[in-house]
Each structure stands twice: as C-alpha cells, then as structure tokens.
Amino acid sequence: MMNRIDSMPRPATGQVATGARLGLLLIKPSHYDEDGYVIQWRRSFIPAHVLAVVEGIFQDAAGRAAPGVASIETRAINEASSVVRPAKLIAWLRGFDRAAVMMIGVQSSQFPRALDLSRDFVAAGFPVVIGGFHISGSMSMVPGWEPAFTGAAEAGVTLYAGELECGVDALVADLVAGTIRPLYNHLKSTADMGLSPQATLGTSATDGTLNGTAGMDVGRGCPFQCSFCTIINVHGRTMRNRDPSSIEAYLRDCAARGIHNLMVTDDNFARSPIWREVTEIMARLQRELGIEWDAMIQVDTLATRMKGFVEACKAAGVKRVFIGMESVRPDNLKAASKGQNKVHQMRDMIMAWKEAGIMIYAGVIIGFPADTPERIAEDIRTFQTDIPIDVIEIFALTPLPGSEDHQRLVAAGVDMDLDLNRYDTVHVVTDHPRMTRDAWTRLYWQSWEMFYTTAHMKTLIGRAILYKLPLGELRTSLLGFVGAVRYERVHPVDGGLFRIRNRLSRRRGHRVVPALPHALIRAVEITVVQSRFLMLLARILRCEAAVRWDLLRGRRAPYLCAQTPAPARAAPDLAAAAE
C-alpha cells in the first residue's frame, strides 16, 4: 500500500518546493520456520495493525511541516502475507530525494528476520531503522544482554526504543538531513494517547487478512504485573486512551469502507477508562448505519464482575473475547504474578460470556515450574468440562526479552537459547525443573491434541449451537487452529490460509533450492497439506451434522455445560512425555 502525505501546500505555478521528498518503506517482518523458510500465507489470521498506526504517525508528522520536508510517501508491507522483494523495493526507494526502511513492531522471534531483510537495503545505501517490543523491552529490562542485539552493528542498522510518537519529529529530521543515529531511545517518555494520531485505513490495514479484519486500538497499558508480559515494561501500567471522538471517526471510516470485522488490539480493553464510551459508540453506529460489527477484544478474568460490561460488549457487536487464563492451578498463577486470576471464579466468568452468546478464546501456558505431564492432562480436561472454554490457545512458557521472567533469568545466569528466532512461544528455550527440553516440547504439542479431539470438537459445536455462539467463527477456528498446529507445525497466531514458501527468502545458512526441484516439492506439499485440511473440514462438518441429529432427537444433555461429560479420548502417553 502506498500513501502520499504532503507536509505543505502545493506550490503555485512557477514556484518550486524547497523541501525533500521522503520515501519510507514500512515492513512488519515475519520469522522463520524449522526449515529456514519465512512463515507467510496468502491470507494471514491476524492483521498487522501496527502498520496502520505507524502510517498515521508519519502522516501527522508530515502535517507539522518538519524543516526540509516537502512530502512523505509510505509503502507498507506485512510479510506474514506478502513476499518482500528487495530489488523492486530498492528501485521504488530510489525515486525519492531521501528514503529509508523501517522494520516496525518487531518481536523477539522476528529480530533475526528483520536483520536479514535489512542487509540488502543497507548495501544499497538506505538507512534501516528497527523498532518494536524486542528493542524496547530489551533496552528497558536487560540493556546489557548482548544476545538481544547480536548482529545489529554488523548489519549497520539503527535501533529505536520507545513509542514512535515521542521521537518521530527528530527521526524524520535526521533522515532528511542524512544524519541518522545508531540509537534512538525514548523509553522515558510515553505518548499522550488523547492527542496521538489515529491509525490510517488504507489497504495496509486489511490487505492479506482473512475476512478483511482491521485492527483498532483504544489505548495502551495494563494495570497488572504478569511476570511473563513485556507490554507493561514498554507501554507501562497506567492506562492511556485515545479520544472517543477519534475512535468514532475511525469506526465511521471502517464502515464506509465496508470493514465490519474488528480486532481490538488493546492488551486489556476491560481496564480502559473509556470502555463505556467506546461500546456505546459501537452500538450507536450499528443502529445508525444499519451494520453489525464482528469484534474481538482481550480482557482479564475479572471483567465479568464489572457492572454492565458484558452487556455493553454484546450490544457493541463483540462476538469473541480472548482471556489470558494461563492455568487452573493456584501455584502456577502465583508463579506468574497473576493474582487477578481466581480459579474458583473461572467457571462463572466463562458462563457469563457464553450465556451472552460471546465465544471465549483462552490463552493457556505450558511449562510453569510445577507442571508435569500428569498435571497438564488434568488441566486440559478441566478446560474441556469444568471451565468450558470454546477455543484454547496454548503457549510454551517463554522468557521473552522485556519481561520480568527474562530479566530474572539473565540476572541468575540461567542458560537460554541464543537463537531469538525460537522465542515464539512454541519452542522451548530454557530448562525446566521437572522435564527435559525435549519432553517439554513433546508435551506442548500433545496438549493441543488432548484438547482438540474429534469427540470434543463435537462437544464444542453442540455448545455453540445451544448457546447461540457464532458457529461460523467456531468452524473457522477449529479448522485454522487444529490445521496450523497439526499440519503446518506453527502457532495459530502465526497461521493463515495457503502457506507460501519462497525459496529466495530462506534464512542465511540454509541452501537455496533450485527453482524446478522447489516447485515439485511444493506441489507435493501443497497437495498433501490441502488434502489434510479438507479431511479435517469434512470431520468438523460431520461433527456438526451429528450434533444437529442429536438435538433433533432431544439429546441436549451432552452439550449443556453444567452436565457435559468428559469426552472420550485416548490416554496421552505420559511416560513418553516425561522421558
């Protein structure tokens, strides 16, 4: 997507603008799979909202007419759904007086890929700036941990720490002047979200996403202190929110463009000081414009205890909610500093959402110090029956740079994997007191299989029908989540529709396969994987048909959460997992 932003009025006939035309290539990098291929898709599940946010910030900066700048033109690429072709992009950059590349929203697992992408652009003479949670979190919590920035100096890139709004003017001025610095550190400042520019809604906001989903951020920050979280150590624990009028304008723009699927990217929407205003705006726009939002939010486990919150979300068009439950064990929650999660309240919380017709996605972490294969098997059964969530998202406990967990391990000198590409919450990167790394890895993948049995998928579909949950969303999630884990071996957050494996984007150190053999290999892989996806879809549809037949015969009991029996499944191979 390209967007021209003029920072001064167009000159009258005969006049010449004295400022420079600045071209900015914005890339949200992906990361590598086990074979060194970039993880990317024809359609990704998750929108790269950070692209739209950064474009909005540069548009605002251009409007302030920075000295020496005539215009800013941006081009945004989400690598999760687009192949980056450096030669073509370098040709585009050469069309400006000044140009630069920005790797934005870079997480720890994406840092190696960001460095690899940077090398071609630096070699062509263009400055590259890398920013995101990895840079900001590492500098905030472990500035002396060398593996966090290994390769940056060699690649000749600039690092940016902190929120972009706080330093965008200085960055633009230095880019135009050709005096780019190796480091910009704005961690001591936070943006006034009430004055921050709103995200843009060009094609970068929705291009390449399934169902044309757009992101929306109401604010930043989270008041809680989870030890595995990086957000609180970058955005802080004070809740900062946008102006409601700005949010309404953004939503009206979404509606005008036919965008109704929204993913609210706030870490905790329930703690936003303006949640009432936002839900009222969304509900009012539905009535006024004759539309229906399909929104997903992220909240904490205590949100249902806030008077009127669930009802307001339902009226606003919230169809799905993500909750970081992490565990059903008090000792695990204590280890994660997750005191706000009360196990004895979890069932009532889940049922409050379910009875409102809102589907529950729950994040669960595998690898707390007290975890064992036997305990995890019990926990998965609890999530199937006693705390009946709809969709589970499983993460391996990962000491992400920028988190308290990581800071503590660095201080203690604990051995951790030095390949940042593995810090993706799927790979095990440090030791566990009760399991080997291999055993922990096997248990991680087994946990997905324990939850998503055919019998339990049937139960989930039955619940969705009885509780009037969005059945189409559940079908898509079952297909996408189970397929991503089982057939592509990636986390569903990194998943999508129709995998791309570009042979020329392979990680350094891996052989580039010649074109013809690569095409033949991919033809076989695509045929096999898509056949498996079709068989999985057929299984899901058979489950739904069986549920509807049960309901026609009056067999509701298996799908009522209060009476749901434990689904039949093969016992997990716990002995093998514990080796």
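The values are calculated or read from the model by the stated rules, or taken from the named source; none is laboratory data. The shown structure was predicted, so the numbers you read here are calculated from the model rather than taken from an experiment. Cβ placement follows ideal geometry from the backbone for every residue including glycine, while neighbour counts extend to all protein chains displayed. Each accessible area value is taken on the protein alone, full model and side chains, heavy atoms only, with ligands, DNA and RNA left out. Shrake-Rupley method; radii C 1.70, N 1.55, O 1.52, S 1.80 Å.
Taking 7 Å along the Cα-to-C-beta vector as the label spot, tell me the Leu552-Arg85 distance in nanometres, rounded to one decimal.
So the two model labels end up 5.2 nm from each other.
Measuring from label point to label point, each 7 Å out along Cα→Cβ, what is the Glu378 to His518 span in nm?
Placing both labels 7 Å beyond Cα along the Cβ direction yields 5.0 nm.
So what is the calculated 222 nm ellipticity per residue for the chain, using -39500 (n - 2.57) for each DSSP H run with n of 4 or more, over all residues, to the nearest 500 deg cm²/dmol?
Using -39500 (n - 2.57) per qualifying helix, the result is -11500 deg cm²/dmol.
Carbon-plus-sulfur fraction of the accessible area of the chain, 1.4 Å probe, in percent?
Whole-percent figure for carbon plus sulfur exposure: 54.
Quick one: length gained pulling Asp431 to Arg508 fully straight, 0.36 nm per residue minus the C-alpha distance?
That works out to 25.0 nm of additional length.
Compute the distance in nm between two label points, each set 7 Å from the Cα along the Cα-to-Cβ direction, one at Gln530 and one at Arg257.
Calculated label separation equals 3.0 nm.
Be a star and scan the range 466-503 for residues whose amide nitrogen sits under 11 Å from the point 7 Å along the Cα-to-Cβ vector of Asp419.
none
With the Cα gyration tensor of the range 450-509 in hand, give its eigenvalues times 5 under a square root as the equivalent ellipsoid semi-axes, listed largest first in whole angstrom.
31, 12, 7
What is the sum of charges, Lys and Arg at +1 and Asp and Glu at -1, for the other residues whose Cβ falls under 14 Å from the Cβ of Leu262?
-3
Using only Cα atoms, find the angle between the long axis of helix 244-256 and the longest principal axis of the chain, and express it within 0 to 90 degrees, rounded to the nearest 10.
80
Just one of (i) 158; (ii) 212; (iii) 200 is volume of the Cα convex hull per residue in Å³ as worked out from the coordinates here. Which one is it?
So the calculated entry is the one marked (i).
Using only the Cα atoms of the range 48-131, what semi-axes does the equivalent ellipsoid have when each is the square root of 5 times a gyration tensor eigenvalue? Give whole Å, largest first.
Semi-axis lengths for the range 48-131 are 22, 17, 11 Å.
Any chance you could run the full-extension gain for Glu311 through Ser337? It's 0.36 nm times the residue separation minus the Cα-Cα distance, nm to one decimal.
Full-extension gain reported as 6.4 nm.
Can you figure out the FRET efficiency of Arg542 with Arg489, using R₀ = 25 Å and their beta-carbon distance, to the nearest 0.05?
0.50
For each pair in Lys319/Lys342; Lys28/Lys88; Lys319/Lys468; Lys307/Lys468; Lys28/Lys338, compute the distance between the two Cα atoms and list the pairs where it is over 19 Å.
Lys319/Lys342; Lys307/Lys468; Lys28/Lys338
Semi-axes, largest first, in whole Å: what does sqrt of 5 times each Cα gyration tensor eigenvalue give for the range 302-445?
For the range 302-445, the semi-axes come out at 31, 16, 14 Å.
How many angstrom lie between the Cα centre of the range 327-365 and the Cα centre of the range 104-128?
Rounded to whole Å, the Cα centres lie 38 Å apart.
Please work out the average accessible area per residue across the chain, using the 1.4 Å probe convention, and give it in Å².
41
I need the peptides 371-382, 22-33, 515-526 ranked by packing, meaning the mean over residues of other C-beta atoms within 10 angstrom, with the highest value on top.
22-33, 371-382, 515-526
Calculate, for Ala412 and Ala153, the FRET efficiency according to 1/(1 + (r/R0)^6) with r their C-beta to C-beta distance and R0 25 Å; round to the nearest 0.05.
Rounded to the nearest 0.05, the efficiency is 0.40.
Please list, ordered by chain and number, the residues whose modelled amide H lies under 5 Å from the amide H of Ile130; skip anything fewer than 5 residues away on the same chain.
The list, which skips near neighbours in sequence, is Met103, Thr158, Leu159, Tyr160.
Taking the Cβ-Cβ separation of Thr179 and Asn211 as r and a Förster radius of 51 Å, what is the calculated FRET efficiency to the nearest 0.05?
The formula returns an efficiency of 0.70 here.
Measure nothing but the geometry: give the 0 to 90° angle between the long axis through the Cα atoms of 111-123 and the longest principal axis through the Cα atoms of the chain, rounded to 10°.
Tilt relative to the chain: about 20 degrees.
Let me know the shape class of the range 113-209, please: from the alpha-carbon gyration tensor, a ≥ b ≥ c as square roots of the eigenvalues, rounded when a/c is under 1.5, otherwise prolate if a/b is greater than b/c, or oblate.
Taking the square roots of the gyration eigenvalues as a ≥ b ≥ c, the range 113-209 is rounded.
Nearest 10 degrees is fine. How inclined is helix 49-63 to the longest principal axis of the chain, computing both from alpha carbons?
Once rounded, one gets 30 degrees.
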